[in-house]
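Heads up: the structure comes next, in structure tokens.
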Amino acid sequence: MAIIAGKIHKVPSGSAYLIREDQSGNIFIPASRLNGAMNGDLVEVESMRNSYTNRITFSVKNIIERASSEVVGRYDEYSGNSYIIPIIGSGIDDVSVPSWGTLDAEENDIVVGRIINYPESDRPAEAEITEIIAKDGDPSGMASALLRSNDLSREFPAEIEHEASSISLNDISDETLSARRDLRSETIITIDGDDTRDLDDAVSVRKLDNGNYLLGVHIADVSHFVESGTALDKEALKRGTSFYMISQVIPMLPETLSTDTCSLNEGVNRLTLTCEIEIDSVGNIVHHDIFESCINSKARLTYDDASDMLENSDTDLIAKYSDYNGSDIYSTLNDMRDLAQILNAKRLETGSIEFEFPESKIILDENWIPVDVKSINRRTAEKMIQEFMLTANAVVAEHFSALGIPFIFRSNDKPDDEALADYDNSLKYYDLSLGGNYASIEPKSIQDILNQAKGRPCEKTVTALTLRLMSKAYYSGKCGGHFGQAFKYYCQWTSPIRRYTDLVNHRIIKDYLEGKAPADLNAKYSNDIPAYTQSCTFAEMKAQSVERIIEKLKKAEYMNEHIGEEYDAEISGFSDDYITVTLPNTVEGDISLDSFTDDYYSFDKECYRVIGEDHGNIFTVGMPVKVKVDYADTESGYIDLTLLDY
């Protein structure tokens, strides 16, 4: 038995992950073993080996510190009692409200309650209502509740806004500029989404006389403006990351910095950190250089415009960008595409595991009501920028790992031997095998399985099994490598406007470039990095959870207007009680196994399928089905479907 400390991060299913204080990866805890722990609580967890299954399980032993003193949710009354039904994903069950503590709330109002008694194994939590943040029927109510329950706010405290607005590019001295490499005449561009306003990465590519490519990744030097220990810095650490909620952003830094002073906007001088990488024709890194720089972006391209030129040879766009601000942007894009293809081939050759799924685009009206949900695929330009950022992150990680100085790395652990054994056991039903020897499994072995399944009826089942196998990535002060990307060294430093870890890495890089001794760097950063990594891992998981929940709720709200409609869809997953189906617009819904009348169906976890006991009908991932929308719960995001045909 071992005792492990960390923070609780609950997921919508009610289960949780423990984000360890020792930076050694996250631990799964089932809902039944949380013992009253809530989202964000600092706890001690004990491990035990199940004598029947011989597997290690974890349960909360002690709650060291509660993360929140309030609960946010919908007010309800039933059986003569009052309750707060917590917002989805808040990590707490229904909360009882005493008769004197209702604040005259009405049913379905979104309220805030001050917790007066925390939950225990034999009784629920109790709270008095202190605020009504949205009345029943307010379309923005659930979003407001999610933000409040996760201690998020679009607004910054007045002192933070004042500090940010006092920072001006006019404060940059000639001495600062002269100490940097001047790249303002280079053809450097940004490529981002249509609605992106915080442009923190720019790129350049040119062919060298020796046939190699010179890739430049130029990142906004946020650390020049946001100094460690200031009120602005402390607020950025508290937020940890920017949150993206469909059409809205909850930024890590005030907009005067994130979309103006630090943003690499077209046609203006900006301070940057640059990593230049020479790459040969087969993707090998020949040389790299990291330095402080100054750039002037020649073009602010969108993913769609860049992709339309590269995929569709859009003549109007090509004409526009063949001579744009004195630069041939179109020729540069062609060189970028060629290099990205080389880097992608090299990455796949080394075993990087790739999944390709369509993404959702939810269209909202001015009242934040969903009017459409679409399926979109990543295009050439997005994939191109991804390859450049992956390469730059890997190069910088290797550089600073070799120096042995403090740094924040991005780690993704190899699945443990038990998980690999289960995965391999499932693969045998599809005539596939890892070949044993799980301790020495490399990412390429997993990618080979996906390649062998491609084009076969089992392809989507094997993909689903592989997704379930992969562990979650996390931040760490130790360079543990990234198993999924097949990188021995990996970090993140390319988004300092949006991620606090990247901002810290920029400070370390700049101190190193300025000649600070390793001993001084250790003294300055070593003690703080464990706290940074735990806090930012938790912030990232919270951001992902909030973003998923908002998306799920808005999809349910949209489908609530399409009750009774029929769709050709595809099975995408299973649980003990449901078959999960994905509609063509990416909306997911569930078919209850209890709704079947032709047989008794059960979930075969080992093969990841549902099978009928009497007639042997089998449902697999990727199987086409016809369904009807029966019900959409706009509070939980749950969508109930009826199977019509398969």
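Laboratory data are not the source of any read-out in this text; all were calculated from the coordinates shown. These figures come from a predicted structure and were not determined experimentally. Every residue, glycine among them, receives a Cβ derived from its backbone with ideal geometry; neighbour counts consider all protein chains shown.
Some values worked out for this structure:
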{"read-out": "When each of Lys346/Lys488; Lys383/Lys460; Lys478/Lys542; Lys7/Lys472 is checked by Cα-Cα distance, pairs over 19 Å", "value": "Lys383/Lys460; Lys478/Lys542"}
{"read-out": "Efficiency of FRET between Val371 and Glu278 - r from beta-carbon atoms, R0 51 angstrom, step 0.05", "value": "0.55"}
{"read-out": "Ranked packing of 253-264, 489-500, most packed first, by mean Cβ within 10 Å", "value": "489-500, 253-264"}
{"read-out": "Residue-by-residue Karplus 3J(HN,Hα) for the stretch 355-366, coefficients 6.51, -1.76, 1.60, Hz, glycine and proline x", "value": "10, 10, 10, x, 9, 9, 10, 9, 9, 10, 8, 5"}
{"read-out": "Pairs from Lys428/Lys554; Lys454/Lys626; Lys555/Lys605; Lys444/Lys552 whose Cα-Cα separation, in the structure shown, is over 30 Å", "value": "Lys428/Lys554; Lys444/Lys552"}
{"read-out": "Long-range HN-HN contacts of Thr272 with modeled amide H, under 5 Å", "value": "Asp221, Ser293, Cys294, Ile295"}
{"read-out": "Residue-span extension gain [Arg197 to Phe291] - 0.36 nm each, minus C-alpha spacing", "value": "31.3 nm"}
{"read-out": "Simple label model, 7 Å out from Cα along Cβ direction - Ser602 to Ala31, nm", "value": "2.2 nm"}
{"read-out": "Residues with amide H under 5 Å from that of Tyr578, placed H, sequence gap 5 or more", "value": "Leu593"}
{"read-out": "Amide H within-cut-off set for Gly622, under 5 Å, with H built and near neighbours excluded", "value": "Ile571, Ser572"}
{"read-out": "Computed E for Asn617/Asn265 - FRET, C-beta separation, R0 51 angstrom, nearest 0.05", "value": "0.30"}
{"read-out": "Descending semi-axes in Å of the stretch 1-126, equivalent ellipsoid built from Cα gyration tensor", "value": "31, 14, 12"}
{"read-out": "Potential lengthening between Asp122 and Ser433 on full extension [0.36 nm per residue; Cα-Cα distance subtracted]", "value": "107.3 nm"}
{"read-out": "Karplus (6.51, -1.76, 1.60) ³J(HN,Hα), θ = phi - 60°, over the stretch 479-496, in Hz, Gly and Pro reported as x", "value": "7, x, x, 10, 4, x, 8, 6, 9, 6, 10, 7, 8, 10, 9, 8, 9, x"}
{"read-out": "Value in Å of the Kirkwood radius, where the chain supplies the Cα pairs that are averaged", "value": "27.0 Å"}
{"read-out": "Arg181 versus Ala519: modelled label distance in nm, points set 7 Å from Cα along the beta carbon direction", "value": "3.1 nm"}
{"read-out": "Rounded FRET efficiency, nearest 0.05, which uses the C-beta distance separating Ser440 from Lys61 and R0 of 35 Å", "value": "0.55"}
{"read-out": "Peptides ranked, highest mean first, by Cβ atoms within 10 Å: ranges 139-152, 277-290", "value": "139-152, 277-290"}
{"read-out": "Loop sites in the stretch 87-196: GluC sites (Glu not before Pro), DSSP, at most 11 other Cβ within 10 Å", "value": "Glu107, Glu155"}
{"read-out": "Percent of alpha-carbon pairs separated by more than 28 Å within the stretch 279-422", "value": "41 percent"}
{"read-out": "Square roots of 5 times each gyration tensor eigenvalue, C-alpha, the stretch 551-640, largest first, Å", "value": "24, 12, 12"}
{"read-out": "In Hz, Karplus ³J(HN,Hα) per residue of the stretch 43-50 (6.51, -1.76, 1.60; θ = phi - 60°; x = Gly, Pro)", "value": "9, 10, 10, 10, 9, 9, 9, 5"}
{"read-out": "Global form of the stretch 223-316, assessed from the alpha-carbon gyration tensor, a/c cut-off 1.5", "value": "oblate"}
